[in-house]
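Peer 1: Quick one: this structure, given as structure tokens, is what I'll be asking you about.
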Amino acid sequence: MTLAYLPSPSSPYLTLGPFMIHWYALMVILGVIAAIMIGQRRWSARGGAPGTVLDIAMVAVPFGILGGRLYHVITSWQLYFGPGQNPVEALYVWQGGLGVWGAIAGGTLGAWIAARRRGIGFAALADAVAPALLVGQAIGRIGCWFNQELYGRPTTLPWGLEIDPANRPAATPNAATYHPTFAYEAAWNLGAAALVIWAERRFRLDRGRVFALYVAAYTAGRGWIETLRVDPANHILGLRLNVWTSLLLFAAAVVFLVLRRRPAPAVDLPDVAEGAAPASEEVRPAPAPVLRLADTDAASAREAQPVPERAP
């Protein structure tokens, strides 16, 4: 018997007078705002120009939303194109259903395009925003709580999530509480963000290695959390598709970190094309001329010779 539980919101909407706003959409927007603010602060600390991350986000965010929705629809096609389903609902982004993998891929592509057009080093940009993305993902994941979706198996743990009968799986209609996997993922993301920031400072990560660590840290958590979920998903060899995606991306990120473990010969820094001086470059005085030993001996011999007196 569950002694305590985490209740689910009674409605997925925030009602403001005549307006009804989806909590899911609101949490995604708040996550994007937080990621932009944190990312810009980190970018400025590296010598980047103010407003750069916001400008990049104007392209990356639409690409991310499109990529996230496409990934969700493609990997869960039976929810929209199966028997008795309404294909038009594939466009209802506000009802939930944004695949993180597609969102990251689409957002990365959009950011790369925008950075390239501005002449900004993409690796430095990706390293700056990596922890910010984890914070934004943690906030956005809370939206699943309001929709009563993406929860895990039934549980009697004190923090079990209460799910209304209408939203329970058909296999467990009498189970009242389930693993709050959205909360597990949100907490994991915040911890991963702290890990990435610490490791960046401790090991002087650069050249995309911060972003690679972000991918590795996120997928390590997403992999085991995914095994708890009971929402419909396609399986390959007995594992959910997202588990395989996590394993492949984790391996790719680790390989990247190993291959780039040596420090770079040159610094890849932001906004060079925009006129901002790289933060790590110091203005050093020109080196003093070096005298060869032969030149020094000759100069000493000249000083030792007597100077002839001028005739009066």
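The values are calculated or read from the model by the stated rules, or taken from the named source; none is laboratory data. Only a predicted model underlies this, so the values are computations on that prediction, with no experimental measurement involved. No Cβ is skipped: glycine too gets one built from the backbone with ideal geometry, and neighbour counts run over all protein chains shown. Note: accessible area is taken over every heavy atom of the protein model, side chains too, but ligands, DNA and RNA are not part of it. Shrake-Rupley method; radii C 1.70, N 1.55, O 1.52, S 1.80 Å.
Peer 1: Is it true that Thr172 is in contact (Cβ under 8 Å) with a residue 60 or more places away in the chain, outside any helix (DSSP H, G or I) and among the polar types (S, T, N, Q)?
Peer 2: Answer is no for this residue.
Peer 1: Of all the residues that make up the stretch 191-242, how many are hydrophobic (A, V, I, L, M, F, W, C) and not in a helix (DSSP H, G or I)?
Peer 2: Of the residues in that region, 7 qualify.
Peer 1: For the stretch 102-131, which residues satisfy the criterion of being more than 14 Å from Ala60 (Cα to Cα), touching a helix residue (DSSP H, G or I) at 6+ places or on another chain (Cβ under 6 Å) and in a helix (DSSP H, G or I)?
Peer 2: Of everything in the stretch 102-131, those that are more than 14 Å from Ala60 (Cα to Cα), touching a helix residue (DSSP H, G or I) at 6+ places or on another chain (Cβ under 6 Å) and in a helix (DSSP H, G or I) turn out to be Asp127, Ala128, Pro131.
Peer 1: Being under 30 Å from Arg204 (Cα atoms) and touching an Asp or Glu at 6+ places or on another chain (Cβ under 7 Å) is the filter here, so list the residues in the stretch 1-56 that pass it.
Peer 2: The answer is Gly47, Gly48, Ala49, Thr52.
Peer 1: Here is a list: Ala57, Ala45, Ala90, Ala25. Which entry is open to solvent by less than 20 Å² (accessible area, probe 1.4 Å), more than 16 Å from the chain's Cα centre (by Cα) and among the aliphatic types (A, V, I, L, M)?
Peer 2: Being open to solvent by less than 20 Å² (accessible area, probe 1.4 Å), more than 16 Å from the chain's Cα centre (by Cα) and among the aliphatic types (A, V, I, L, M) holds for just one of Ala57, Ala45, Ala90, Ala25, which is Ala90.
Peer 1: While we're on this one: Which one of these is at pLDDT below 95 and part of a helix (DSSP H, G or I): Gly84, Gly97, Gly67?
Peer 2: Gly67
Peer 1: Now, a different point. Do we find that Val267 is open to solvent by 30 Å² or more (accessible area, probe 1.4 Å), at pLDDT 95 or above and not aromatic (Phe, Trp, Tyr) in this structure?
Peer 2: Judged against the criteria, Val267 is not a match.
Peer 1: On the given criteria, is Ala216 of a type in the set (Gly, Ala, Ser) and either touching a residue at least 12 places away in the same chain (Cβ under 8 Å) or open to solvent by less than 10 Å² (accessible area, probe 1.4 Å) (or both)?
Peer 2: So Ala216 fits the description; yes.
Peer 1: Let me ask you something else. For the stretch 224-251, give me the residue count where each residue is free of Cβ contacts under 8 Å to residues at least 60 places away in the same chain and under 16 Å from the mean Cα position of the chain (by Cα).
Peer 2: Summing the residues that are free of Cβ contacts under 8 Å to residues at least 60 places away in the same chain and under 16 Å from the mean Cα position of the chain (by Cα) in the stretch 224-251 gives 2.
Peer 1: Being closer than 25 Å to His22 by Cα, in contact with a Gly (Cβ under 6 Å, 6 or more places away or on another chain) and open to solvent by less than 20 Å² (accessible area, probe 1.4 Å), is that true of even one residue in the stretch 135-147?
Peer 2: yes
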